[in-house]
1. Determine, for each peptide in 90-100, 156-166, the mean count of other beta carbons within 10 angstrom over its residues, then list the peptides with the highest first.
2. How many nm is it between the label spots at residue 101 and residue 76, if each spot is 7 Å from the Cα in line with the beta carbon?
3. Of the listed peptides 144-152, 117-125, what is their order by residue-averaged count of other C-beta atoms within 10 Å, with the highest listed first?
4. Between residue 83 and residue 155, what length in nm is gained on full extension when 0.36 nm per residue of separation is reduced by their alpha carbon distance?
5. Kindly list the residues of region 86-110 that lie in the label zone of residue 63, defined by a backbone N under 20 Å from the point 7 Å along the Cα-to-C-beta vector.
6. For the pair residue 177 and residue 131, how long in nm is the line joining their label points, each one 7 Å along Cα→Cβ?
């Protein structure tokens, strides 16, 4: 946010889709004049999407870290598998499968608060991701190196609040049915 202006993330990363599937390379000089530098530096190969419609975050290989699947314009989906769990042995998480009874069946609209190691992590279970896509349930909450979950609190769309202090599966899935 330079001077009250927001830069497009695709431009910052040098991934601005161009016609004929060419990716431009830009030199940012923090003025209003940014220069394309392909001619100065030669053709550079940038591995990037040609135009992503949306992305979905999920633990596709069930190894405890989040992977990404993107939906591309006029191209096959891209699948990006994370190997964070292989590199970091103290990666902890909790997956929360919500089941509404008074609220909607998937608990969309619920707010979930996980208390772990003196910290509170809050997530909104919106179930959305982008155009023509939906992030997967269960709700995934990374805990980093914390190896305890003290409690999970759910504020359901119906307005009911529910707190769970037992039966919480660290590095697994905890199913919570609306009471």
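Derivation of every value follows stated rules applied to the coordinates shown; laboratory data play no part. Worth saying up front: this structure is predicted, and the values here are computed from it rather than measured. All Cβ positions, even for glycine, are placed from backbone atoms using ideal geometry, and neighbour counts span all protein chains on display.
1. Numbers: 90-100: 18.8, 156-166: 13.2.
Result, highest mean first: 90-100, 156-166.
2. According to this spin-label approximation, the distance is 4.7 nm.
3. Numbers: 144-152: 15.3, 117-125: 13.3.
Peptide ranking by packing, descending: 144-152, 117-125.
4. On the way: separation 72, 0.36 × 72 = 25.92 nm, distance 3.28 nm.
In short, 22.6 nm is gained.
5. Residues 86-95 fall inside that zone.
6. Simple spin-label model gives 4.1 nm for this pair.
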